[in-house]
Each structure stands twice: as C-alpha cells, then as structure tokens.
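Chemist: Before I ask anything, let me first share the structure, which is written out below as structure tokens.
The values are calculated or read from the model by the stated rules, or taken from the named source; none is laboratory data. Just so you know, these numbers come straight off a predicted model, no measurement behind them. Cβ coordinates were reconstructed from backbone atoms using ideal geometry, including for glycine residues, and neighbour counts include every protein chain displayed.
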Amino acid sequence: MIMNKKTLTTYLYALFLVGFLTVQVSGFELIPSQGVGMGQTFILSYPKATTLVNIPSGGLPTGNWQLEAGFNRRFELSDLDQVFLVCAVRKGKITAAVGLSQFGKGDLYKELTGKLLVAYQHDSLSVGMSVSGLGVYLGGGYGRFSTQTVGLGIAYRYGKYFAAFVADNLTTPQLYDKAVAFNSLYSLYAEIIGIGQHSLTAKVTWEKYEKPRFGFGQKLYLARQGAFFWGLGTEPLEYGGGIEFYFKNWGLSYATSYHPVLDFSHTISFSYGFHRPVERGRDGFK
C-alpha cells in the first residue's frame, strides 16, 4: 500500500496519540505478564519478575532469580504489539529487577522503555527505588525523543495480607521541551490469601486531572502445576482472564481481556527460574 505524505502524517499522528495514551495510562510501568487478565493488579505474595520490576514487593528467596519474556497485542491490532524481557534476582536483603520493552513498529512508530528497580527487604517490609527511561521514535524523519524519571515504592506483608504503595513519574518528565509532561502516578496495591487455593487482588491508581482507576482480580491454583485467574479494570472498563502452567523451573502464562468497543487484548509470557507456587504448602499441595 502506497501512502501520500498527508495520509502518512495522519497515520503517524494517530499512532503517536495511541502510544502516548498507552504510556500515560501506565506511566513507565513495564507491562505485567498477567495484567490484562487481572485488571492490571499484581500477585504480591509470590511475585513474578514483571511484578518485581514495578513493585518492591519482596517474596523472592535470597539466592534465587527469574527471567520472564512475553508478547502483548492490544485490541487485536498488530501496530500496538509489545514485547518485553525482565530479569529479577535477590542476594541477601537486596532484590534487583531490570526490564526492557518495545511498543510499536520501528518503521513508523516505536517506544523503547527500560526500567531498573532496586529494593531492600527487612523482615516483612520492603522499600525500593526505580529509574526508568523512555525513547520514542517516529519514522519518516519526524524525529526521536527521550526522557527519564524516578519512582519510589514500599510494600508490607502481615500473615495472609499484602499491601504496596508506588509513586511513579516523580520528576514529571517531558519527551521534549514544551511538551505535555507525564503526570505523577500513585498506586495502591493489595492482596489477600483466601481459604483454600486462591488470592484476591486489588489496585487503585490516582493521577492529576484523571478519575481514579480501579482494578480487581482473583487467582485460583487449580492444581499443583496450574492456575486460573480473572479480573476487571476501570478507565477504561475491561474484563479479562487467563491460565498459567508450571513445570519444574518453567512457567507459561496466557492472559486476555475484552474492551466493549476496542475488542480483545492478549498477552503470552514464558518464565524460567524460581516458581514458588509449585512448591508452596500453604494451599495444601503436597
């Protein structure tokens, strides 16, 4: 298909707006592997690498590590494809996680996001700081833009109750001079381990000039090596669900969500390393 200059400009502008809105919704947060299926909530009790790079939730035993890679397609549109790679490791009381993701296609519009989070854990309390960078590339000679920001987080666990608070975009960064700044984001996360083999999760995010965004989810461990999860999120309203399998040190997860107007989104991810759900005894698995 051949585009004239006006059509190409319009197309690039539309992609830029979609990408900008996507980033504004999540800040510099790397996509969680099960996020679209759980209302963008997180499992804090036994976190995956994509959780640890966003929230200093602890939960990774000292000396253990996990590598996670995945692919996300928003609203059945290949132009909104995103790939990500995250690694998390713990040594002593220090947990570090680093992640990279690419959104969009390099020949027209592309976003590159990198994030490093370092956390200190003392008993049930974890505190951490993150440094994030975002680069935006517009094809056709329209230019490249980049910016950086920092975030802070704290998490606490008490028995079967888990909570975390994260403040992101604290420097209100701009992609270029006089551009609209990214608003600071403040998110509160919670998880309750229920009776039996399930966890309930919740999230609320505040952003200046925007309505609070809520998310609710549930994860049910159906067998020693499998789990089912579901959830819903607001602003925009989306319903989702998914399934996860474990085999030795390997993990496979598929999540999907449905938007009443924009259609389905899908995320598939693979992980290798520490997988506590296979070994845990709290749910009665032997």
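Chemist: Residues being touching a Phe, Trp or Tyr at 6+ places or on another chain (Cβ under 6 Å), at positive phi and surrounded by fewer than 18 Cβ atoms within 10 Å (Cβ to Cβ): count how many of those fall in segment 134-171.
Modeler: 0
Chemist: Could you list all residues from segment 77-104 that are over 27 Å from Gly128 (Cα atoms) and touching a Ser or Thr at 6+ places or on another chain (Cβ under 8 Å)?
Modeler: Leu80
Chemist: Given the condition more than 27 Å from Tyr156 (Cα to Cα), charged (D, E, K, R) and either in contact with a helix residue (DSSP H, G or I) (Cβ under 6 Å, 6 or more places away or on another chain) or touching a residue at least 12 places away in the same chain (Cβ under 8 Å) (or both), answer yes or no: does some residue in segment 204-215 qualify?
Modeler: Yes, that holds for at least one residue.
Chemist: On to the next question. Please list, ordered by first then second residue, the pairs with beta carbon atoms under 6 Å, 6 or more apart or interchain, first in segment 111-133 and farther than 20 Å from Leu60 by Cα, second among the aromatic types (Phe, Trp, Tyr) and crowded, with 16+ Cβ neighbours inside 10 Å.
Modeler: Glu111/Phe103; Ser132/Phe28
Chemist: Quick test for you: out of Thr171, Thr149, pick the one residue that is in contact (Cβ under 8 Å) with a residue 24 or more places away in the chain and of a type in the set (S, T, N, Q).
Modeler: Step by step, each of Thr171, Thr149 is checked, and only Thr149 is in contact (Cβ under 8 Å) with a residue 24 or more places away in the chain and of a type in the set (S, T, N, Q).
Chemist: Please work out if Ser187 is buried (at least 18 other Cβ atoms within 10 Å of the Cβ), farther than 19 Å from Lys110 by Cβ and modelled with pLDDT of 90 or more.
Modeler: Against the criterion (buried (at least 18 other Cβ atoms within 10 Å of the Cβ), farther than 19 Å from Lys110 by Cβ and modelled with pLDDT of 90 or more), Ser187 qualifies.
Chemist: Evaluate the following for Gly233: is it buried (at least 22 other Cβ atoms within 10 Å of the Cβ), under 18 Å from the mean Cα position of the chain (by Cα) and modelled with pLDDT of 90 or more?
Modeler: Details: buried (at least 22 other Cβ atoms within 10 Å of the Cβ): yes; under 18 Å from the mean Cα position of the chain (by Cα): yes; modelled with pLDDT of 90 or more: yes.
Answer is yes for this residue.
Chemist: Being β-branched (Val, Ile, Thr), surrounded by 22 or more Cβ atoms within 10 Å (Cβ to Cβ) and assigned to a loop (DSSP other than H, G, I, E, B) is the filter here; which residues of segment 37-77 pass it?
Modeler: Of everything in segment 37-77, those that are β-branched (Val, Ile, Thr), surrounded by 22 or more Cβ atoms within 10 Å (Cβ to Cβ) and assigned to a loop (DSSP other than H, G, I, E, B) turn out to be Thr41, Ile43, Val53, Ile55.
Chemist: Tell me which of these Phe84 doesn't satisfy, since it passes every other one: (1) at pLDDT 90 or above; (2) over 23 Å from Glu238 (Cβ atoms).
Modeler: (2)
Chemist: Against the condition among the small types (Gly, Ala, Ser), modelled with pLDDT under 95 and under 20 Å from the mean Cα position of the chain (by Cα), how does Gly135 come out, does it pass?
Modeler: yes
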